[in-house]
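The values are calculated or read from the model by the stated rules, or taken from the named source; none is laboratory data. From a predicted model like this one, the values you see are computed outputs, not experimental measurements. Ideal geometry is used to build each Cβ from the backbone, glycine not excepted, and the neighbour counts take in all protein chains shown.
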Amino acid sequence: MSSRAKVPDTLPFTKADLRLPVIARKGRRNSISGVQPKVLLSIVKGELAVVETGGDFILKPAPEDSRAKFLSDIPANEHLTMTIASRLFRIQTAENKCVRFADGELAYLTRRFDRRGGETLRQEDLCQIAGRSEETHGESYKYDFSYEEMADIIRMACPACRVELPKVFRQIVFDYIFANGDAHLKNFSVYESKLGDYVMTPAYDLLNTFLHYPGDPTFMALSLFGDPDFMTPEFEHLGYYSTPDFVALGRAYGLDDRAVCRILDEFKTNSKKVELMVRDSLLSEDAKKEYLCIFYDRLAMFR
């Protein structure tokens with residue numbers, strides 16, 4: 001996190017002290033964010049303290065979910081994946097770090113980006129902008145969509161869409177290669193800039209969900225294309241997305257074919273740096289091995 005305020009590394013309480021409710025899983029999707037409890041915090045007299053409203057930080061302990069593998073590694077997974085995105089792939093992310101409860105258990109802490117000068121900024125996720133809710137579109141309202149259609153929402157919401165669309169496309173590629181199955185419509189948002197218009201928020205909720213739910217049958221939270229009958233010849237042959245699919249999606253985001261290929265090449269050329277960051281992370285040793293296996297499996301889909 002930035003040095004504008006010293007953020008403690010240890011919390012003065014345990015997870016049990018929070019008496020968090022167990023969030024019931026809804027629907028058939030294995031969504032970590034859907035069951036992860038979130039707690040608002042502020043720095044009070046040099047320590048992180050729970051607050052009912054406002055707050056400058058969001059704390060996310062590991063959720064309770066008997067179906068997830070490497071459950072205690074979820075905070076380290078999110079911190080690692082967010083750090084890789086920002087440091088290696090030029091994706092602006094919410095400030096974050098890992099902290100420990102008083103008993104040593106790890107938790108994920110992120111600074112709220114919708115707060116400026118003590119005021120809460122106007123922010124809307126793309127589900128809200130599209131007018132989609134569980135009441136109007138059913139329990140899968142944030143999943144029954146496509147990244148191709150998402151580009152149209154961004155064009156409608158952001159006056160500077162020519163600047164914002166390539167950023168979002170880069171994040172979609174990142175989500176695919178890093179196996180983030182939670183990159184649904186609510187996990188992309190816009191907020192009010194200092195100029196009074198709307199731009200995309202920093203990326204948030206980036207993590208390798210396949211590390212925890214390896215049996216998830218879907219490659220991504222959304223399909224790439226709006227037409228359910230459309231598929232590239234390569235997808236029809238291979239059964240998974242590869243370079244031609246992202247080249248086709250890139251056109252919907254205003255990118256020419258060479259620009260898409262340059263983005264894909266960045267992931268290949270940075271693979272050893274990714275490996276070093278994973279090995280230096282707070283993940284358990286077994287989780288590190290599995291994280292890298294998933295990453296290299298996804299990267300191999302572009303050969």
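Here are the numbers for this structure:
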| item | result |
| --- | --- |
| Test result for Asp103, in the same structural domain as Asp227 (by TED's automatic domain parsing) and not hydroxyl-bearing (Ser, Thr, Tyr) | no |
| Check on Lys272, out of contact with any Ser or Thr (no Cβ under 8 Å at 6 or more places or on another chain) and part of a helix (DSSP H, G or I) | yes |
| Criterion (outside any loop (DSSP other than H, G, I, E, B), hydrophobic (A, V, I, L, M, F, W, C) and either at negative phi or not assigned by TED's automatic domain parsing to the domain that holds Leu276 (or both)) met by exactly one of Ala68, Ala76 | Ala76 |
| Residue in segment 123-130 that is of a type in the set (Asp, Glu), in contact with a helix residue (DSSP H, G or I) (Cβ under 7 Å, 6 or more places away or on another chain) and surrounded by 13 or more Cβ atoms within 10 Å (Cβ to Cβ) present | yes |
| Criterion (surrounded by fewer than 18 Cβ atoms within 10 Å (Cβ to Cβ) and in contact with a Lys or Arg (Cβ under 6 Å, 6 or more places away or on another chain)) met by exactly one of Glu236, Glu285, Glu266, Glu192 | Glu192 |
